[in-house]
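Worksheet: one structure, shown below.
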Amino acid sequence: MESDAKKIEGALPPGVEREYRYEWNWAYRIDHWLRAAAIFVLAASGFYIYRPFAGAWESQPAASVADAWLVMAWMRFAHFVAAYVLILGLVVRVYLAFNSRFDADWRDFGLLCNLRDAPQMIKYYLFLSPSHKPYRRYNPLQAMTYLLWAVLIVVQALTGFALYEGNVFGLFPSAANFLWVQQWLGGNANTRLLHYLITWVFLITAAVHVYMAVMVSWTQRDHSFRAMFTGYVLKRRGEP
């Protein structure tokens, strides 16, 4: 890591030094990748449940139809398991934000200050500004995106449980306990539509998130993208 730091320091103005900082411990990184994997599995299995493509369900022999139903059963199982992982991952992340001994970062998500600084970051990401002021762990757009995801996970869980006909976490019947969600949204069709649209919001914002992470890591040469694997970010000395 020291050799990498020296290479980057050579590209900086004279007198500017950087150092590796351990910014993401194992708990944050594991939680991040579990939730990322859960979102991928949820999207893939969800689109399959929405429109199955394993066999022509009505025109194939009985054996093929049985195989298609088996694929559907596995897809539904994967969907439910991934949903539980995503929900529990959010619970763990909220706990870490307030109680982590490593870095309780709940103050980084202040909505007013992030809204105030968001225009500067938008200009930076659109290459209209050469730089932006340093931030601690998240810039304003990242912080607001993560807050949006937290809200969407809650809404997605509620609509998903409202559509589910089994027992939530194997404890209580979903349809009976979450019927109020369908009633509030105006029926089953609206609930399914909202569930489907939120999936696209996740996919689009996740793509933007990856773009932002790669772009910042590339332009700033701070290794922030690979930090979700190693935990280390390269920062100027004195930066927050």
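Go through segment 90-110 and count every residue that is of a type outside the set (Lys, Arg) and more than 20 Å from residue 151 (Cβ to Cβ).
Step one: filter segment 90-110 for residues of a type outside the set (Lys, Arg), giving 90-92, 94-100, 102-106, 108-110.
Adding the requirement that they be more than 20 Å from residue 151 (Cβ to Cβ) leaves 99-100, 102-104.
Looking only at that region, the number is 5.
Identify the residue in segment 209-240 that is modelled with pLDDT under 85 and β-branched (Val, Ile, Thr) and, among all such residues, is surrounded by the fewest Cβ atoms within 10 Å (Cβ to Cβ).
219
Mind listing whichever residues of segment 147-169 are among the aromatic types (Phe, Trp, Tyr) and surrounded by 17 or more Cβ atoms within 10 Å (Cβ to Cβ)? Break it down stepwise before answering.
First, the residues of segment 147-169 that are among the aromatic types (Phe, Trp, Tyr): 149, 161, 164, 169.
Result: 149, 161, 164.
Is there any pair with a first residue in segment 171-188 that is more than 12 Å from residue 159 (Cβ to Cβ) and a second that is of a type in the set (D, E, K, R) whose Cβ atoms are under 8 Å apart and which are 6 or more apart or on different chains, and what are they?
175/165
Looking at the structure I just gave you, is residue 93 crowded, with 17+ Cβ neighbours inside 10 Å and charged (D, E, K, R)? So that I can check it myself, show each step before the final result.
Working: crowded, with 17+ Cβ neighbours inside 10 Å: yes; charged (D, E, K, R): yes.
Against the criterion (crowded, with 17+ Cβ neighbours inside 10 Å and charged (D, E, K, R)), residue 93 qualifies.
Within the group 43, 83, 37, 11, which residue is at pLDDT 80 or above and either aromatic (Phe, Trp, Tyr) or surrounded by fewer than 16 Cβ atoms within 10 Å (Cβ to Cβ) (or both)? Even if it seems obvious, please write down each step before you answer.
Working: 43 fails: either aromatic (Phe, Trp, Tyr) or surrounded by fewer than 16 Cβ atoms within 10 Å (Cβ to Cβ) (or both); 83 fails: either aromatic (Phe, Trp, Tyr) or surrounded by fewer than 16 Cβ atoms within 10 Å (Cβ to Cβ) (or both); 11 fails: at pLDDT 80 or above.
Of 43, 83, 37, 11, the one residue that is at pLDDT 80 or above and either aromatic (Phe, Trp, Tyr) or surrounded by fewer than 16 Cβ atoms within 10 Å (Cβ to Cβ) (or both) is 37.
Just to be sure before I move on: is residue 59 within 28 Å of residue 220 (Cα to Cα), loosely packed, with under 12 Cβ neighbours inside 10 Å, modelled with pLDDT under 90 and not β-branched (Val, Ile, Thr) in the structure I sent? Spell out the reasoning first.
Working: within 28 Å of residue 220 (Cα to Cα): no; loosely packed, with under 12 Cβ neighbours inside 10 Å: yes; modelled with pLDDT under 90: yes; not β-branched (Val, Ile, Thr): yes.
Answer is no for this residue.
What's the number of the condition residue 138 fails, among (1) of a type in the set (Ser, Thr, Tyr); (2) more than 30 Å from residue 20 (Cα to Cα); (3) in contact with an Asp or Glu (Cβ under 7 Å, 6 or more places away or on another chain)?
With (1) of a type in the set (Ser, Thr, Tyr); (2) more than 30 Å from residue 20 (Cα to Cα); (3) in contact with an Asp or Glu (Cβ under 7 Å, 6 or more places away or on another chain) applied to residue 138, the lone miss is (2).
Could you list, in sequence order, the residues of segment 120-138 that are under 20 Å from residue 207 (Cα atoms) and without any contact (Cβ under 8 Å) to a residue 24 or more places away in the chain?
Answer for segment 120-138, where residues must be under 20 Å from residue 207 (Cα atoms) and without any contact (Cβ under 8 Å) to a residue 24 or more places away in the chain: 121, 122, 123, 124, 126, 127.
Which residue, of 206, 189, is surrounded by 13 or more Cβ atoms within 10 Å (Cβ to Cβ) and small (Gly, Ala, Ser)?
Values: 189 fails: surrounded by 13 or more Cβ atoms within 10 Å (Cβ to Cβ).
Criteria check complete, one pass: 206.
Inspect all residues belonging to segment 218-227 and state whether any of them is hydroxyl-bearing (Ser, Thr, Tyr) and in contact (Cβ under 8 Å) with a residue 40 or more places away in the chain.
Initial filter on segment 218-227 (hydroxyl-bearing (Ser, Thr, Tyr)): 219, 224.
Now restrict to residues that are in contact (Cβ under 8 Å) with a residue 40 or more places away in the chain: none.
Checking segment 218-227: not a single residue is hydroxyl-bearing (Ser, Thr, Tyr) and in contact (Cβ under 8 Å) with a residue 40 or more places away in the chain.
Yes or no, residue by residue, for (1) among the small types (Gly, Ala, Ser); (2) at pLDDT below 90; (3) touching a helix residue (DSSP H, G or I) at 6+ places or on another chain (Cβ under 8 Å):
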{"position": "136", "(1), (2), (3)": "no, yes, yes"}
{"position": "146", "(1), (2), (3)": "no, no, yes"}
{"position": "161", "(1), (2), (3)": "no, no, yes"}
{"position": "169", "(1), (2), (3)": "no, yes, yes"}
{"position": "173", "(1), (2), (3)": "no, yes, no"}
{"position": "176", "(1), (2), (3)": "yes, yes, no"}
{"position": "195", "(1), (2), (3)": "no, no, yes"}
{"position": "201", "(1), (2), (3)": "no, no, yes"}
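The values are calculated or read from the model by the stated rules, or taken from the named source; none is laboratory data. The structure displayed is predicted, hence computed values, not measured ones. We place every Cβ from the backbone using ideal geometry, glycine too, and count neighbours over all the protein chains shown.
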